[in-house]
Amino acid sequence: MKVSGYSPEEAQANLSAAFQILQNEHAMLLTPSVTKLKNNLADVTASLKKIEDERSAILEPIKKANSAGTIERKFSESILLASMLKSNDTETRAFRDQINSLDEQLSPYRTFNTKAVTEIYVPKPAAYPKKIIGVLIGLILGCLIAAIWSLIRDKDLRELLRGNSAIDI
């Protein structure tokens, strides 16, 4: 950023104020996005917990049947439980991928506010006004004023303007 001031201290204060305004604006723009991502992460985490609870409920009858040592379970029941487990695993993987994606989006490297990289630097020589520009403007204005003054003081020109066309040579 580049700002101006009548003194180095004023330029530094102006730059600090401008940067603070920029930082506040970026924080205001960043807050809703981060809040939305955090809410999405909480929802997905809750959904993952629910899916994991369902998996435990699906595995419970299988464990009971295996622990009792009975193989009298129906074939259709086994197929249904296997299908439910496969579906549950697919949903679990999808939720874990969403959680990983949201964690990456909420990473401090992606959700940081604007910050200064270096300290504020004010160069010693003034950036503006340039002395040469002031000298040129003064020279032009001086020549213009001198020309106007000489025209006003010229008697022959005044008489010519009044209407007397006789000029002595």
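None of the figures in this text is laboratory data; all of them are computed from the coordinates on show. Quick caveat, the model's predicted, so the values are computed rather than measured. Please note: Cβ atoms are built from the backbone with ideal geometry, for glycine as well, and neighbour counts cover all protein chains shown.
Placing unit charges on each Cβ (+1 for Lys and Arg, -1 for Asp and Glu) gives the chain a dipole about its Cα centre, and among Thr45, Leu22, Trp149 the Cα reaching farthest toward its positive end belongs to Trp149.
Its residues counted as N, the stretch 129-169 yields a C-alpha radius of gyration over 2.2 N^0.38 Å of 1.81. Listed from fewest to most Cβ neighbours within 10 Å, the set Thr90, Thr45, Thr118 follows the order Thr118, Thr90, Thr45.
Scalar couplings 3J(HN,Hα) for the stretch 99-114, obtained by applying the Karplus form with A = 6.51, B = -1.76, C = 1.60 to θ = phi - 60°, are 4, 4, 5, 5, 4, 5, 5, 8, 4, x, 6, 10, 10, 8, 7, 4 Hz; x denotes Gly and Pro. Only helical runs count toward this figure. For the chain, summing -39,500 (n - 2.57) over DSSP H runs of n ≥ 4 and dividing by all residues gives -26500 deg cm²/dmol at 222 nm. Beyond 20 Å in Cα-Cα separation lie the following of the pairs Lys2/Lys115; Lys63/Lys86; Lys38/Lys115; Lys49/Lys86: Lys38/Lys115. Our coupling estimate for the stretch 45-50, obtained by passing each phi through the Karplus curve with A = 6.51, B = -1.76, C = 1.60 and θ = phi - 60°, is 5, 5, 5, 5, 4, 5 Hz, Gly and Pro reported as x. The simple spin-label model puts a point 7 Å past each Cα toward its Cβ; for Trp149 and Lys49 those points are separated by 8.9 nm. Dipole magnitude for the stretch 8-126: about 440 debye, using +1 per Lys or Arg Cβ and -1 per Asp or Glu Cβ, origin at the Cα centre.
Taken along the Cα-to-beta-carbon direction at a fixed 7 Å, the label points for Val122 and Asp89 span 6.8 nm. Could you compute the longest span of the chain free of GluC sites (Glu not before Pro) located in DSSP loops and having at most 15 other Cβ atoms within 10 Å, not counting the site residues? Longest site-free region, per DSSP loop and neighbour criteria: 1-71.
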